[in-house]
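The values are calculated or read from the model by the stated rules, or taken from the named source; none is laboratory data. The structure displayed is predicted, hence computed values, not measured ones. Please note: Cβ atoms are built from the backbone with ideal geometry, for glycine as well, and neighbour counts cover all protein chains shown. Note: accessible area is taken over every heavy atom of the protein model, side chains too, but ligands, DNA and RNA are not part of it. Shrake-Rupley method; radii C 1.70, N 1.55, O 1.52, S 1.80 Å.
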Amino acid sequence: MVETLASIVFSASPLIYAAVGETIGEKAGVVNLSMEGTVMLSAMTGFVAALLSGSVLVGFLAAAGVGAIMAAIVALASIELFLNHSAVGFVLTLLGIAHSPFLGDRFVGREGESVSHLAIPGLSRIPVAGPVLFSQDLMVYGSYLVVILATVFMFRTRRGLEMQGVGERPEAAFARGIPVIRLRYVYAIIGGALAGIGGAAFSLDVILGWRAGLTANYGWIALAIVIFGGWNPVRAALGAYLFGALQTLSLKLQPALPSLSQVLPLMPFVFMILVLVLIYLPTFRRAGDQHPALRRIFAGDPPSALGTAFRRE
């Protein structure tokens with residue numbers, strides 16, 4: 001059981017980076033639907049950069065750069081050109097999916113760099129929690145830090161409240177002297193960089209290596225986790241762990257149910273979709289309106305100005 005829990009925490013870390021990054025961008029009002037292409041292209045870029053340079057750090061920096069560029073394109077198209085977020089994001093997704101196998105073809109099957117295991121002295125000896133949480137590697141520990149920092153920043157700092165104001169009421173924020181457009185660029189790019197790091201975490205830490213379709217559908221799952229988490233980093237992390245648990249369960253069930261071996265790997269994706277549908281059913285929403293505490297736990301509302309263009313008068 002301890003080993004199973006440790007594997008869930010380990011496998012969920014890339015999704016945490018991507019989901020928290022998208023949460024940051026959407027909190028500022030920018031929807032980055034290029035996540036699927038971003039994660040896949042950055043996974044390829046991170047692996048290739050680490051392989052050629054011999055440095056895992058270079059790989060993650062290159063992947064973060066790819067994610068930041070993709071997010072900057074989405075932000076530019078929506079903020080300056082007033083183009084539809086969804087259309088631009090889907091086009092970039094298709095570009096990322098198409099170019100990652102093309103550019104990384106000659107690196108398929110090659111052994112490259114990987115993140116080293118690093119147990120935290122003392123903490124790793126705590127019963128159960130030690131092996132599960134503190135006998136991992138730096139990327140997993142980084143995912144804890146990203147969730148904590150994002151949560152504290154969003155809900156406990158003035159800058160975080162300004163970011164939420166930009167996503168909720170950009171006109172009111174602008175009237176108070178807050179640079180709406182600049183902040184939307186900044187947070188969209190930060191979110192994209194985190195998504196890029198998540199992509200590299202797949203190829204340099206969790207799955208290792210590169211092949212076409214290595215991260216297929218994980219970008220979409222990251223987007224779904226943002227909604228599942230109600231635009232809250234802690235709940236997004238819990239969503240990532242839930243998805244990791246479902247994946248582990250599907251793998252455990254395959255030997256017992258060999259006739260369903262082709263179906264079981266797809267069940268985590270189907271379950272996440274069903275949960276999202278359930279959360280946003282009118283009946284569930286009405287129950288949430290009657291019991292605010294229940295709604296805070298299981299659902300959340302998107303920023304009011306999410307995906308809308310801001311025009312300076």
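Below is a table of values for the structure above.
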quantity: Test: residue in region 48-58 that is part of a loop (DSSP other than H, G, I, E, B) and surrounded by fewer than 20 Cβ atoms within 10 Å (Cβ to Cβ); calculated: yes
quantity: Answer from Ala43, Ala6 - the residue that is open to solvent by less than 30 Å² (accessible area, probe 1.4 Å), closer than 18 Å to Val140 by Cα and modelled with pLDDT under 95; calculated: Ala6
quantity: Some residue of region 69-87 being open to solvent by less than 10 Å² (accessible area, probe 1.4 Å), under 11 Å from Ala193 (Cα atoms), part of a helix (DSSP H, G or I) and not charged (D, E, K, R); calculated: yes
quantity: Any hit, region 66-86, residues being in contact with a Gly (Cβ under 8 Å, 6 or more places away or on another chain), farther than 25 Å from Trp231 by Cβ and touching a residue at least 24 places away in the same chain (Cβ under 8 Å); calculated: no
quantity: Candidates Phe102, Phe107 - the one that is free of Cβ contacts under 8 Å to residues at least 12 places away in the same chain and either more than 19 Å from Trp220 (Cα to Cα) or of a type in the set (A, V, I, L, M, F, W, C) (or both); calculated: Phe102
quantity: Contacts under 7 angstrom Cβ, first residue in region 22-33 being part of a helix (DSSP H, G or I), partner polar (S, T, N, Q), 6 or more apart; calculated: Glu22/Asn32; Gly25/Asn32; Lys27/Gln164
quantity: Flag for Phe90 being outside any helix (DSSP H, G or I), within 30 Å of Phe174 (Cβ to Cβ) and either of a type in the set (Phe, Trp, Tyr) or in contact with a strand residue (DSSP E or B) (Cβ under 6 Å, 6 or more places away or on another chain) (or both); calculated: no
quantity: Out of Phe102, Phe90, sole residue that is closer than 20 Å to Met40 by Cβ and surrounded by 15 or more Cβ atoms within 10 Å (Cβ to Cβ); calculated: Phe90
quantity: Top-ranked residue in region 143-164 [being touching a residue at least 24 places away in the same chain (Cβ under 8 Å) and of a type outside the set (A, V, I, L, M); ranked as nearest to Val180 (Cα to Cα)]; calculated: Gln164
